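Novice: Okay, handing you the structure first.
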Amino acid sequence: MGAASPFLGNKRAQAGMFGYRRFTQPFFKPPVIGKTDTLTPAAGSDDAKVGSEAVYHGIAPEYYPDHPAHLEDWDRFPEKYLELEAVEGAWQFFPGVDTPVFAYRGKAGTPSETPPSFPGPTFVARQGEPWVVRYTNKTSVETSIHLHGDHGPAHSDGHPDFYALQEKTRDYYYPNIGPRLNVEPSVPFPATVEEAGPFEEGHLPTTMWYHDHAMDVTGFNVNRGLAGFYLSEDDVEQKHQEDGFLPKLYGDFDHVVALKDFRFNSDGTLQYDLLDHNGHIGDVTTVNGRVQPYLEVYRRKYRFRFLNACNARYLHMRLNSKTGRRQRDGMPFLMIGKDTWEIAEATEMDSFTICPGERFDMIIDFSQLPEDVDNYYLQNIMHQTDGRKPKGIRPKKEHTPWLQFRILGGDPPGLQEIEGVENGVYSVSAGDPIRAFSPITEDEVVVTRLFEFHRRNGAWQVNQKYFSPRRTDATNLLNSAERWIIKNVVGGWWHPIHLHLEAQQVQVFNGMTKDDPDFPVWYRWNTDLVNLEGGDEAEIFIKFRTFKGPFVCHCHIIEHEDMRMMLTFDPREAGEESMNDGIRNHAWNAENAEQSGMPTGCIDPHHLLFDHEQVLTSGEVVGPGDVPQLEDEGVGFPGDFHDDVCEVDGGDWDPEGNQTSTDDPIPEEQEDRR
């Protein structure tokens, strides 16, 4: 089935339409995508390199064992292969109502086969078992998969214009590793495992998600269904399971929960306005692609990996035995992980705010419920009416129950999922250590950078610049640590800031250090999202390890990201230039074509992506950016918007670009921003 138009009128459906009564359809648990030992043509072979017919976009150069970043313990276990497709079809959010969507599926006729679904199939990975995911885009739009939270090659990271074009294939190489603990800027690529040191335990992922990240259309593509979960375990996680500390990975007591709002037209199609850059807000609530479903649970401990998959809606979740504004029989959540990583200490939270793109890894102990409670609810009490920001935690205004838990009596049936461990009886409790955490220290920091997030002319900027995929805003010294000061200077808007490749470690939040009792507990360890309310400011430490870029940092309100609230950073060796110079495309030489997977550079028939004016071989003068073309169409930004943002990058202080020394070049006038 083809994609429906994003402009479909304003006759919207509500959750009670189409004859649906809430909590009458079961919770959907996405199937696990299968893997195999072979792939044809073989990954990395001449028949599967960039520009080939079979795998047009090739594979990451780090895939090859002779690459200097690729150490032997990346291949602790034999390499596995998976085949994934994005297709156009239908999904039933409401029972019996076919809604046109995009969807991921495991390729039919292969060991990876799964039906199209939202969320897409769940990946269950093992640290040290490298994967090649052969992905084919069978939709009518360009796509680019981002594995959110991964420490992996730029080719596989979902850079906005490292596309998988229509009917083309890209081999996404996921080594399933983490960054090294002992690397130093003086040695970009350690020669041996012993020199590199062990993987940093606290930076090995457990709960990631994958979603589309194609430039300018991420909001549309994700809202149409291109998202799924990617779980991973290592030796620590396996021991937690064997000891009965945590449930079996993705077993009956371990669930992924994608919370997503949608708007529906009266014919069941999805409504989405491509010209609304404030942030898409829906009025129908879904959990794993089903409107207000139910989940049967026993009076046991369960692990829930909550994901806010909304484009722009913030949620504040609590537990309630009633569906109204007053809470009854409330229980705490036990946080064991934040975003991609498990945390150092299990921490109780009565409720939690979760912003777009964010994950909370929680334990709920249903054995604490009174015996007379048969139904229990996951309830949102954050009131929000548009993409600007929420109006606050207001249970009088907003108390929608998203998921019903039906409490079953007796003991769970079936064999033990873990030998010697009673199903649902796990020892994890508040205060228990979960995983070692390695903080970045002040003496490791070599550069300080300031990034301010702005609104201008109806669109979004970082440091008063609109995103360009041809410009690098920070060239980081590979294996070095930096201090970033991120600030939301737009009072009426909220921005959740997401960094690719590495974790953020928050040092100061609105003047509060970790010693302050009011410091947000969810920022005490690794995080890949920091939410900035109007006027908020955070000081974060980041270490740029293993992989050269380019990578991006952006607001995760997806319409803000699409409308240019994004910057590029590019870790490089000392003295090495970035892939970008403001003009040249991502295939300007053979090395960069392989790195980007774009054999002919930018697919840019209208010359929209140049950061500066230039003359083509035809003699035509094009650029800067998309301004002339938009003006000709009578839409877009005023003609003078680019006067102060399209200068050639230069200077010593990033984010103007190309920092490769270990000096700290923050300008005198910004010394107080340290």
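Novice: Which number in (1) outside any loop (DSSP other than H, G, I, E, B); (2) open to solvent by less than 50 Å² (accessible area, probe 1.4 Å) marks the one condition that Arg455 misses?
Specialist: Here Arg455 clears every test but (2).
Novice: Spot the failing condition for Leu501; the list is (1) open to solvent by 40 Å² or more (accessible area, probe 1.4 Å); (2) closer than 26 Å to Ile434 by Cα; (3) not in a strand (DSSP E or B), and only one is missed.
Specialist: (1)
Novice: Taking the options Pro100, Pro95, Pro119, name whichever one is part of a loop (DSSP other than H, G, I, E, B) and open to solvent by 10 Å² or more (accessible area, probe 1.4 Å). Walk me through it before giving the result.
Specialist: On the way: Pro100 fails: part of a loop (DSSP other than H, G, I, E, B); Pro119 fails: open to solvent by 10 Å² or more (accessible area, probe 1.4 Å).
Checking each option against the conditions leaves just Pro95.
Novice: Please indicate, with yes or no, whether at least one residue in the stretch 65-74 is open to solvent by less than 10 Å² (accessible area, probe 1.4 Å) and assigned to a helix (DSSP H, G or I).
Specialist: Yes: one or more hits.
Novice: Also: Checking His211 against (1) over 29 Å from Tyr376 (Cα atoms); (2) open to solvent by 10 Å² or more (accessible area, probe 1.4 Å); (3) part of a strand (DSSP E or B), only one condition comes out false. Which one?
Specialist: Among (1) over 29 Å from Tyr376 (Cα atoms); (2) open to solvent by 10 Å² or more (accessible area, probe 1.4 Å); (3) part of a strand (DSSP E or B), His211 violates only (2).
Novice: Taking the stated definitions as given, is Asp216 closer than 30 Å to Met563 by Cα and either among the basic types (Lys, Arg) or open to solvent by 10 Å² or more (accessible area, probe 1.4 Å) (or both)?
Specialist: Working: closer than 30 Å to Met563 by Cα: yes; either among the basic types (Lys, Arg) or open to solvent by 10 Å² or more (accessible area, probe 1.4 Å) (or both): yes.
In short, yes.
Novice: Additional query: Between Gln238, Gln271, which is under 19 Å from Val32 (Cα atoms) and either without any contact (Cβ under 8 Å) to a residue 40 or more places away in the chain or open to solvent by 30 Å² or more (accessible area, probe 1.4 Å) (or both)? Write out each step before concluding.
Specialist: On the way: Gln271 fails: under 19 Å from Val32 (Cα atoms).
On inspection, the qualifying residue turns out to be Gln238.
Novice: For Ser186, which of the numbered conditions (1) at positive phi; (2) among the small types (Gly, Ala, Ser); (3) modelled with pLDDT under 95 fails to hold?
Specialist: Against the list (1) at positive phi; (2) among the small types (Gly, Ala, Ser); (3) modelled with pLDDT under 95, Ser186 comes up short only on (1).
Novice: Can you name the condition, by its number, that Thr347 falls short on among (1) touching a helix residue (DSSP H, G or I) at 6+ places or on another chain (Cβ under 8 Å); (2) polar (S, T, N, Q); (3) part of a loop (DSSP other than H, G, I, E, B)?
Specialist: It fails just one condition, (3).
Novice: Which numbered condition in (1) more than 30 Å from Gly409 (Cβ to Cβ); (2) part of a strand (DSSP E or B); (3) within 18 Å of the chain's Cα centre (by Cα) is the only one that His316 fails?
Specialist: Of the numbered conditions (1) more than 30 Å from Gly409 (Cβ to Cβ); (2) part of a strand (DSSP E or B); (3) within 18 Å of the chain's Cα centre (by Cα), the odd one out for His316 is (3).
Novice: Determine whether the stretch 475-495 contains at least one residue that is at pLDDT 95 or above, crowded, with 17+ Cβ neighbours inside 10 Å, farther than 30 Å from Val187 by Cβ and in contact with a helix residue (DSSP H, G or I) (Cβ under 7 Å, 6 or more places away or on another chain).
Specialist: Yes, some residue in the stretch 475-495 is at pLDDT 95 or above, crowded, with 17+ Cβ neighbours inside 10 Å, farther than 30 Å from Val187 by Cβ and in contact with a helix residue (DSSP H, G or I) (Cβ under 7 Å, 6 or more places away or on another chain).
Novice: Could you tell me whether any residue of the stretch 142-155 is farther than 21 Å from Leu501 by Cα, open to solvent by 10 Å² or more (accessible area, probe 1.4 Å) and not in a strand (DSSP E or B)? I'd like the intermediate steps shown before the answer.
Specialist: Step one: list which residues in the stretch 142-155 are farther than 21 Å from Leu501 by Cα, which gives 142.
Checking the rest, the ones that are also open to solvent by 10 Å² or more (accessible area, probe 1.4 Å) come to 142.
Add one more test, that the residue is not in a strand (DSSP E or B), and what stays is 142.
The answer is yes; a qualifying residue exists.
The values are calculated or read from the model by the stated rules, or taken from the named source; none is laboratory data. Owing to the predicted nature of the structure, the values given are computational and were not obtained by experimental measurement. Cβ: placed from backbone, ideal geometry, glycine included. Neighbour counts: every protein chain shown. Heavy atoms of the whole protein, side chains included, go into the accessibility calculation; ligands, DNA and RNA do not. Shrake-Rupley method; radii C 1.70, N 1.55, O 1.52, S 1.80 Å.
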